[in-house]
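Engineer: Below are the structure tokens for one structure; questions will follow.
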Amino acid sequence: MGELLTRSGLGPIGASVGLHLGLFGLLVFGISFDTSPAVPPMPRAIEAVIVDESLVQREMEKLELQEKADEEAARQRRQEAEDARRKAEEETARLQRLEKERVQAEQDKKTREEAEQQRRVRLEKERKEAEAKEAQERKAREEAEKQRIAELERKRKEEEARLAKIREEQRKAEEARKAEEKRQREAEEARIKAQRQEELRLAMAEEERRIQAEEAGLLAQYKAIIQQRVQRNWIRPPEAQAGLQCEVFVSQIPGGEVVGVRFGQCNGDEVVRRSIETAVMRASPLPPPPDPSLFERNLVFDFKPE
């Protein structure tokens, strides 16, 4: 009966209520198919009805619990079905996503392979171009090196020729220099020889004049004049004793200027010598000799004061 009520369009709860009401009606009113006249109910029958109502109530409660359990089981089945449907949809979406990723991966792989192939082709082309360029540059370098070596060889030969010419010019210049030096040396030797001969002639003539002057007493006269001039400029110190005699060496330059005084044998002490040296320096410049041939740079005379 419950299935009929459910199929009729009522919900599970409505069907349950209708079922319970039907059972309640059967229990309370009863169903009789007997066509005999109705008999007034007896009191005993009323007690039975009361007992049956409590039983119906318990039965209805059991039925409600069963309905609720069935409803919960149906809800769970619907939930499980929904979960299964959702999982199936998710799995389908996952599989579609995986398929899409697989297709994309294959496409990416193909794209990478094509790019790699293109890269290899490009690298191979670049390699061949680089090798060709390197070969061309190497050939150009070799040609340039040959030209450079040829140019260096040409310059070397030119330099050798220039150096040979310079050496030849230097050799000729050296020979000319040596010839000039020889000529100048010979000329100088001839000049020196002539000069020496002239000097010798003049010296011999001077010596001759000196000898003649000495023989004429002019040298003694010259020394006596110097002796007198020095003596006039001499201040006799107390240490000078009688019989003083000193050999005096006088260095003079042309013009009679005295440039040095020293002593030979002298019987005077240091004070006396300094006084004589002072007198000689005071007498400077010395008088010229009566004959120029008698001039001596280093003159010697005896200082013997009167």
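Engineer: Quickly run through the range 252-306 and pick out the residues that are among the β-branched types (V, I, T) and touching a strand residue (DSSP E or B) at 6+ places or on another chain (Cβ under 7 Å).
Structural biologist: Answer for the range 252-306, where residues must be among the β-branched types (V, I, T) and touching a strand residue (DSSP E or B) at 6+ places or on another chain (Cβ under 7 Å): I253, V258, V259, V261, I276, V280, V300.
Engineer: Among the residues of the range 254-306, which ones are part of a loop (DSSP other than H, G, I, E, B) and among the small types (G, A, S)?
Structural biologist: Within the range 254-306, G255, G256, G268, S284 qualify.
Matching residues to (1) part of a helix (DSSP H, G or I); (2) over 60 Å from the mean Cα position of the chain (by Cα); (3) more than 13 Å from E296 (Cβ to Cβ); (4) modelled with pLDDT of 85 or more:
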| position | (1), (2), (3), (4) |
| --- | --- |
| M204 | yes, yes, yes, no |
| Q212 | yes, yes, yes, no |
| L219 | yes, yes, no, no |
| Y222 | yes, yes, no, yes |
| R236 | no, yes, yes, yes |
| L244 | no, yes, yes, yes |
| Q252 | no, yes, no, yes |
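Engineer: Condition test on R262, is it at pLDDT below 85 and either exposed (fewer than 11 other Cβ atoms within 10 Å of the Cβ) or among the basic types (K, R) (or both)?
Structural biologist: no
Engineer: Right, here's the next one. Taking the range 256-297 as the search range and keeping residues that are touching a Gly at 6+ places or on another chain (Cβ under 9 Å) and not aliphatic (A, V, I, L, M), which one is nearest to P237 (Cα to Cα)?
Structural biologist: This residue is S275.
The values are calculated or read from the model by the stated rules, or taken from the named source; none is laboratory data. Given the structure is predicted, the values throughout are model-derived calculations rather than measurements. As a convention, Cβ positions derive from the backbone with ideal geometry for all residues, glycine included, and neighbour counts pool all protein chains shown.
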